[in-house]
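Shown next, in structure tokens, is the structure this report addresses.
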Amino acid sequence: MKNKRSTVFFHAAVIFGLIMLETPIVLLANNIEPMIFGLPFLIFWVLFWWLFCTIIFLIAYIKKWGKKKSIR
């Protein structure tokens, strides 16, 4: 059961991250004024969600998807 839960979590996290990057929700972040780390908010938004997806993929690869399966 734990294996199924982790699979569902990784898939849901990746889908959520991609939704935050690629849908019109990004238009809510289309502001210059709140500067974060010297970056306009839109650039920070995109970089944050890109980093989120990258970390989720890395954890998923290490935990589950990177294991070699026997063909035989």
note = In segment 6-21, residues that are surrounded by 11 or more Cβ atoms within 10 Å (Cβ to Cβ) and either without any contact (Cβ under 8 Å) to a residue 24 or more places away in the chain or hydroxyl-bearing (Ser, Thr, Tyr) (or both) total 8
Lone qualifier among 30, 3 - being open to solvent by 60 Å² or more (accessible area, probe 1.4 Å) and farther than 20 Å from residue 55 by Cα = 30
task = Answer yes or no: is there a residue in segment 37-48 that is assigned to a helix (DSSP H, G or I) and more than 17 Å from the chain's Cα centre (by Cα).
result = yes
query = In segment 36-48, which residues are surrounded by 12 or more Cβ atoms within 10 Å (Cβ to Cβ) and out of contact with any strand residue (DSSP E or B) (no Cβ under 7 Å at 6 or more places or on another chain)?
reply = 36, 39, 40, 41, 42, 43, 45, 46, 47, 48
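The values are calculated or read from the model by the stated rules, or taken from the named source; none is laboratory data. Note that the structure is predicted; figures quoted are calculated from it, not measured. We place every Cβ from the backbone using ideal geometry, glycine too, and count neighbours over all the protein chains shown. Protein only, heavy atoms only, side chains kept; ligands, DNA and RNA dropped before computing areas. Shrake-Rupley method; radii C 1.70, N 1.55, O 1.52, S 1.80 Å.
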